Structure formats: structure tokens, C-alpha cells
Amino acid sequence: MTKHAEFSPSAAHRWIACPGSINAEKDFPDTTSPYAEEGTRAHAVAADALDRDVKEIVAGPINVDGETIDVNSEMAEHLNEYLEYCRKIAPRAKVVTGEIRIGIEVRVKIPGTSIWGTADFVAVDMKRRILHVVDLKYGKGVRVTAEGNPQLMLYALGGLFNFPVVSGEIFLKEIHCHVFQPRVEDGVSLYKIKPRDLIDWFHLHVMPAVRAAKSSLAPRNAGEHCRWCKAKTTCRTFGEYAQTELQLTEADMALQESKITLPSPEDLTPEQVSRVLTFVPLLQTWAKEVEAHGLTLAQGGMEIPGFELGEKRTLRRWEEGAEEQVVEILGPKKAFKKTLISPAQAEKVVSKAKANQLAPFIVKPPGAPVLKRKKKVKVEFAKPKKKVAPPKREALAPPSETETEALRQSAGLPVEPAPVETPDPVDPLSQFSDIL
């Protein structure tokens, strides 16, 4: 079983906001889902293709480290887009000459902490002095953006320590964090940050959360970050947050013959509609986990008032190995039916010339109207800037007390830093004083 970091970068959005979630989740078992397993397979195939410099991923069975992974046409198409994106950042010609150095599935760790993880793709542009960190997101349920993304920012910090081409060789000018999520609309985003700003963020937001999490009285804070928290089904703070965010009083949720009466949607203001729509995904995942928890209790013999164990409805199917007998009884014409393949499937099995002949017969009907979140970040690929001479190297002195106090005030944090139970004698970022 793969060991997980105590302070995993992939969950940083949660434990930075809610330090108490670290201890709260310890008694909950790790779980998975078909979607998570699909994402794991996609990451394995993509990493293998980058590592072996595969020109194009083709649908079908692919052997990755002794395991056969069935790649369908959709996955192959999306992963090829990811390969193309990474190769735009790090063209092969520049990788061969050493102008750009890359790392695939890079294990990164911030010394002196329990923060470590695996970055999908890391590249250092030696000429432009830029560190690129790319994260492949194969899920399509929730759009993830790169702006201020703590997972990528921690990967970038870890890259400073663990990606050897940075240390002592170049003056790092900028860090580019990329999210590549091909199965959602506007799924590609870029966030640029200066190394010093990244270090300030680490000291102001990450380390206070790490210290707080180590306390037996670690604070709990509820919000959208609760969505993937395993402890939310038993978290009082989350329950209070749910009621407050939806602005539902006991009168609103009055029990009437075992039914909960919610406010009529027509009676909600636009602001209330926005709050409900924001909270619905979180409420849905919480309700599913409550249902799973209730099922576990019932299977263990505990009675859940008003509910009982049952079986899900299933559909009838032919018994395995019965095809020959069924065809014999029905006849081939009745036993099978033919369907026309889709335009996307057709374009994959014909030449470009024939695909052009099919184009006039393809239509894309308009989608049904949906209410979706407004875009917050304009998505664009980083363009090369005019060449500039490397700035003079200067030692990175630790922030003075005045600077630290000003930074904490601007971030809305207490002026006095949180007490450290086991202070680190050495600043883990000090070794980069000559290159940042």
C-alpha cells in the first residue's frame, strides 16, 4: 500500500484552511472510486509515454511497468493533448541540448517538514530561468484552476529542493504553475509567481497551519474545502457551516410527517441562489458519505431508524457463455443489432481526405442551457519574453521582524506568530539564498 504524506500537497487546500482536519481524518480508512482509479491509470499511461518519448498514445491495451492498462479512444485523445502541452513547454530539441531539463513523476519534499508528494511534470528553462510545474487532472466533475493553487505551489517549493538542476546553477526568475484538465471546459490554466513571493506565502500560510495541526486543540474551519474531507460526516463545525450557509432555520426545515420542507426556489433572492449553488456539490458529497456510513453501521448490525438493508435494482443479462445458444434460438439477424458509429469514431478510422468528405454531414446541436460559474482567470500559454540579462545574485536574507509583522497584517494573520512546539533550528529555504 502506498504511504501518504501527513501533509499531502494534494490536500493542502483543506489542511491550510482547516488544520484540525489532519487529526480528524486519521481514524478514517482510505477509500477509492472508479473515477479515482481511472485517473490513476491515466496518470500512469501519460508518465510512461513522456518517459519513453512516445510520439502518440494509441487506444488499446498498454503495458506500464508490467501492468496492462486498457486505454479507450477518449483517454488516448486527452492524454495526447497533455503530451503536446508538455512538449510545448519542453521541446525535444531543447531537452536534448540541455537548454531545458525535465523531470517526470518527480518526488518532491520540503526538508524539515512532513510535506511531500509527486509532481506529474517538472521542467526548468535554463535560458529563461523559469521553473514549470504541470499537474494533470483527469477528473471532469470539478474544474481545478492553477491560480493560487496550494498543491502546485508546494510542488514548486519542493522542486527547488529536489530538482537538482536548479540548485547552484541558475538564478531562478519565475515559477509557472500549470493545470491541464482536458475533460472540462477551459481546463488549461497558468499561474505565475516569483520565488520570493512563494517563500513568503509558505512562511505566512503553510507553516502556521502545520504548527497548528500538530496541536491537540487544532482549530477546525468549514468551507468549500470540506468537500473531500473524510471527517465531515462527524464534524460539528461542518454541520453548523451547512446550516449557516444555506440560511435554513428550524422553521425552514420543519418536519412534516417525516418530510423536510425547504424554502421554495421562487422565494430565494439571487444572492441566496448563488449560496445554494455553491454549496450543493459539497452537500451532495457529504450526503453520499453519510449514506455510506449508515450502510456500514447497518451491515454491522446497528439499526438505523426508518431504514433497513436491501439490494440495489439490477438488470437481467445473459449468462456468461450463453451467446452461442442465444444466437441459435433467435437467429443472427434478431440476436444482433447494428448502430452507426459516431463522427469522432469515424474520424479515427479513415484518412483525413475521407474525414473531410464526412464533414458536411456532421452537426453539433446546441447544448441545453446551464448555469455555470463565471471565469475568474483568463487562460493563456506562457509566451517567451524579451531576453534580459540575469540580475546580480544577492543573498536571500530572512525577513526582518518589521517585514514579517507587515506581511502577517496584510494577510489578516495575528501579528504574533503561533507558538512552535518543535521549532526547526534551520530555515529549510535558506540553502537557496544565492539563486532566488
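Rule-based calculations on the coordinates, nothing more; no lab input. Keep in mind that this is a model prediction, so the values were computed, not measured. Positions of Cβ are generated from backbone atoms using ideal geometry, with glycine treated the same way; all protein chains shown enter the neighbour counts.
Which residue is farthest from residue 128 (Cα to Cα), if the candidates are limited to region 176-200 and must be of a type in the set (Lys, Arg) and touching a residue at least 40 places away in the same chain (Cβ under 8 Å)? The extreme case among them is 183.
Test residue 48 against the stated conditions and say whether it is in contact with an Asp or Glu (Cβ under 8 Å, 6 or more places away or on another chain) and of a type in the set (Asp, Glu). Criteria met by residue 48.
Residue-level analysis places residue 103 among those that are in contact (Cβ under 8 Å) with a residue 12 or more places away in the chain, under 20 Å from residue 129 (Cβ atoms), small (Gly, Ala, Ser) and in contact with a Phe, Trp or Tyr (Cβ under 8 Å, 6 or more places away or on another chain).
If you go through region 195-236 and keep only what is among the polar types (S, T, N, Q) and surrounded by fewer than 17 Cβ atoms within 10 Å (Cβ to Cβ), you end up with 215, 216, 221, 234.
Restricting the first member to region 201-215 and to residues that are in contact (Cβ under 8 Å) with a residue 24 or more places away in the chain, and the second to residues that are basic (Lys, Arg), the beta-carbon pairs closer than 8 Å and six or more apart or on different chains are 204/408.
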